[in-house]
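Reading through the C-alpha cells given below for one structure.
The values are calculated or read from the model by the stated rules, or taken from the named source; none is laboratory data. Predicted model, so just to flag it, every value in this text is computed and none were measured. We place every Cβ from the backbone using ideal geometry, glycine too, and count neighbours over all the protein chains shown. For accessibility, only protein heavy atoms count, side chains too; no ligands or nucleic acids. Shrake-Rupley method; radii C 1.70, N 1.55, O 1.52, S 1.80 Å.
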Amino acid sequence: MRLVRKDLEKDNAGQVTLIPEEPEDMWHTYNLLQVGDSLRASTIRKVQTESATGSVGSNRIRTTLTLCVETIDFDSQACQLRVKGTNIQENEYVKMGAYHTIELEPNRQFTLAKKQWDSVVLERIEQACDPAWSADVAAVVMQEGLAHVCLVTPSMTLTRAKVEVNIPRKRKGNCSQHDRALERFYEQVVQAIQRHINFEVVKCVLVASPGFVREQFCDYMFQQAVKTDNKLLLENRSKFLQVHSSSGHKYALKEALCDPAVTSRLSDTKAAGEVKALDDFYKMLQHEPDRAFYGLKHVEKANEAMAIDTLLISDELFRHQDVATRARYVKLVDSVRENMGTVRIFSSLHVSGEQLGQLTGVAAILRFPVAELSDQEDESSSEED
C-alpha cells in the first residue's frame with residue numbers, strides 16, 4: 001500500500017489518500033472502512049445519452065464519485081472489495097443521493113475520510129504502507145569488507161544498509177592492521193543490524209557468506225553482546241541462522257533463501273507468531289486458569305488490575321458497526337499498550353484468527369493470577385439463584 005497524502009486535524013478527523021498495490025492491500029482497506037465513512041474513488045458508471053435525432057444509447061463512462069459508505073463486501077478468495085453507498089458530492093453523471101457501487105482496483109488511488117481516526121486504524125495504515133512491517137525475514141549477506149543488511153517481504157527485498165570497509169591484506173608477522181579493520185567492519189555491521197531490523201516483527205535473520213566469514217562475525221557479535229550486556233541481541237540469538245552464499249553482494253541472497261534449511265525455517269513465519277501466542281494461551285488455560293481469561297468483560301477486568309501481559313484480539317472486532325462497541329475495543333488495546341503489555345491483532349482470515357474467534361475474539365495471558373474475577377462471578381451467580 002502506498003500513502004499519497006494524510007490530512008488529519010487535531011481531533012483526529014480528516015482524510016487519507018492511498019494506493020493499493022497488492023491483493024493483500026484490499027484486506028487492509030476492508031479493515032479501514034466503516035459504515036458512515038466517506039470514500040472518493042474512480043469508478044465506471046453506465047450513462048444514458050440522447051442524440052439529436054432522439055435515439056437513446058448508453059455509454060460506460062469513468063468518473064470520480066464520493067460515496068457515504070453503507071455496505072462493504074469483501075471477497076477473500078479473489079481479494080476484491082465492493083463498497084455501496086449514496087453519492088454526496090455533485091457529479092455530472094450521478095445525482096446527489098443516488099446509490100452506486102464502487103469496486104476498488106489495484107494501483108488506482110482512493111481517498112477515505114472519517115470523523116474519527118482511532119489508533120488501531122492509524123496503526124494498520126502504518127503497517128500496510130511500511131514494508132518493514134510485512135518483512136518478517138531479515139538477511140545479512142557479507143564477505144570480508146562488504147555487507148548488505150536486507151529486509152525480505154513477500155514481494156520484494158529491500159536493502160536497508162550497505163557497509164563497506166577497506167580491509168588490508170595480512171602481512172607476514174603483522175596481522176594487526178587486518179584484524180583492526182575487520183573488527184571495525186564487524187562493529188559497523190552490528191550497528192546496522194540493530195538500527196534497521198525490528199526484532200518484534202522479524203522472526204529469522206539469515207547471515208550468509210562464503211567461507212568462514214559468517215561464523216567469525218556471529219562469534220564477534222555475540223561476544224560483544226555478552227560484554228556490553230546487549231539484551232536485544234542476546235534475547236534474539238535463536239533467530240540468527242547461518243547459511244552459505246557465494247559472495248557478499250545482494251544478488252547472492254537468492255542462493256541463501258533457496259537453502260532447504262532456510263525454507264523449512266521460514267515457512268509461514270508471520271503466522272507462526274500468532275499460532276504460538278494462541279498455543280501459549282491454551283497451555284495457560286489448562287495449567288493456570290487464573291492467568292488466562294477470554295471474553296470482553298473478563299479481559300477488561302484483568303486490564304483494570306493491570307494484569308495483562310499479552311492481549312490476543314481478532315481484527316474482526318474492529319469492523320463492528322456500532323461505534324461505541326468498536327471504541328471499547330480500541331480503548332482496551334490502547335490501555336494494554338500503556339501498561340506495557342503486548343498486543344497481537346489476529347487476522348480473521350488465518351486459521352489462528354478463526355480459533356480465536358471461537359473464544360469470543362478476545363483473550364489475554366496475565367502477568368499474575370487474578371482469582372477475584374472468578375470468585376465474583378460465582379458470588380453473582382449464587383445471588384441470582
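What the table shows:
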quantity: CD proxy at 222 nm, helix term only [per DSSP H run n ≥ 4: -39500 (n - 2.57); per residue of the chain; nearest 500]; calculated: -11500 deg cm²/dmol
quantity: Length-normalised contact order for the chain - Cα pairs under 8 Å, 6+ apart - percent; calculated: 12 percent
quantity: Peptides 321-333, 115-127 ordered by average Cβ neighbours within 10 Å, highest first; calculated: 115-127, 321-333
quantity: Accessible surface, 1.4 Å probe, highest first, among residues Leu39, Leu241, Leu234; calculated: Leu234, Leu241, Leu39
quantity: Degrees between helix 372-384 axis and first principal axis of the chain (Cα, 0 to 90, nearest 10); calculated: 30 degrees
quantity: Sites Lys115 and Gln177 - FRET efficiency at Förster radius 56 Å, r taken between beta-carbons, to 0.05; calculated: 0.30
quantity: Å² of accessible area per residue within segment 271-377, as computed with a 1.4 Å probe and no ligands counted; calculated: 51 Å²
quantity: Accessible area of Phe212 in the full protein assembly, 1.4 Å probe (Å², nearest 10); calculated: 140 Å²
quantity: For segment 271-377: rounded, prolate or oblate by the Cα gyration tensor [a/c cutoff 1.5]; calculated: oblate
quantity: Potential extension, Ala52-Ser247 segment - 0.36 nm per residue separation minus Cα distance; calculated: 63.0 nm
quantity: Lys297-Lys276 FRET efficiency (beta carbon distance; Förster radius 22 Å; 0.05 resolution); calculated: 0.25
quantity: Highest-first arrangement of 362-368, 18-24, where packing means the average Cβ count within 10 Å; calculated: 362-368, 18-24
quantity: Accessible-area composition of the chain, carbon plus sulfur, in percent [1.4 Å probe]; calculated: 47 percent
quantity: Spatially close lysines, pair count over segment 137-266: Cα under 21 Å, gap of eight or more or interchain; calculated: 10
quantity: Mean separation of Cα contacts under 8 Å, 6 or more apart, over the residue count of segment 271-377: relative contact order %; calculated: 42 percent
quantity: Sites Glu187 and Lys95 - FRET efficiency at Förster radius 51 Å, r taken between beta-carbons, to 0.05; calculated: 0.15
quantity: Cβ charges +1 (Lys, Arg) and -1 (Asp, Glu), total dipole of segment 217-256, debye; calculated: 120 debye
quantity: Cβ-placed point charges (K, R +1; D, E -1), dipole of the chain about Cα centre in debye, nearest 20; calculated: 2380 debye
quantity: Residues of type lysines that Lys84 reaches as a straight line, Cα spacing below 17 Å, ignoring anything fewer than 8 places off in the same chain; calculated: Lys46, Lys95, Lys114
quantity: Charged-residue dipole, Cβ positions (Lys, Arg, Asp, Glu), segment 1-95 about Cα centre, Debye nearest 20; calculated: 320 debye
quantity: Segment 283-325-segment 172-237 distance, computed between alpha-carbon centres (Å); calculated: 39 Å
quantity: Long-range amide H partners of Ala161 with built H, under 5 Å; calculated: Val149
quantity: Heavy-atom surface of segment 137-266, accessible at 1.4 Å and reported per residue (Å²); calculated: 54 Å²
quantity: Calculated P(r) tail over 29 Å for the chain, as whole % of Cα pairs; calculated: 58 percent
quantity: Cα→Cβ-extended label distance, 7 Å offset, between Ala371 and Leu232, nm; calculated: 4.2 nm
quantity: Residues of type lysines that Lys297 reaches as a straight line, Cα spacing below 27 Å, ignoring anything fewer than 8 places off in the same chain; calculated: Lys276, Lys283, Lys331
